[in-house]
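I have placed the structure first, in the form of C-alpha cells, so that the comments after it can refer back to it.
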Amino acid sequence: MPLDKELLDILVCPKTHAKLVEVGDWLYSTDREALLKYPIREGIPVLLIEEAESISAQEFEKVVGARQAAKAD
C-alpha cells in the first residue's frame, strides 16, 4: 500500500535532505550524488542512514530519472 501523499511530501533523505520518491517498498533519494534508497517495512519508512542501500547510477536514472521526466511532461 502506498504511503500517504501528505506524508511523502514532507519526508526527505536524512543524509542530503533531498525529496524522496516511492517505488514499491523503497524510498529513493532524488539526490544524484547520494544514490541511496531507504526501505519501507510494513508500511513504515525506515529513514536511517545506516539502513540505506546504495544504488547504481543506472538504477537511479531508471527509477528516479524516469519519474522526474514524467512529471516534467
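Coordinate-derived values only; no laboratory data. Values in this document were obtained by computation on a predicted structure and should not be read as measured data. Cβ coordinates were reconstructed from backbone atoms using ideal geometry, including for glycine residues, and neighbour counts include every protein chain displayed.
Structure summary
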| read-out | value |
| --- | --- |
| Dipole-positive endmost among Val23, Gln58, Val46 within the chain (Cβ charges, Cα centre) | Gln58 |
| Cα centre as origin, Lys/Arg/Asp/Glu Cβ charges: the chain dipole, Debye | 200 debye |
| Order by protection proxy (mean Cβ within 10 Å, highest first), peptides 32-45, 15-28 | 15-28, 32-45 |
| Cα convex hull of the chain, projected area averaged across orientations, nm² | 4.7 nm² |
| CD proxy at 222 nm, helix term only [per DSSP H run n ≥ 4: -39500 (n - 2.57); per residue of the chain; nearest 500] | -5000 deg cm²/dmol |
| In region 5-72, lysine pairs with alpha-carbon atoms under 16 angstrom apart (chain gap of 8 or more, or interchain) | 7 |
| Sum of side-chain charges, Gly43 neighbourhood, beta-carbon under 12 Å (Lys, Arg +1; Asp, Glu -1) | -3 |
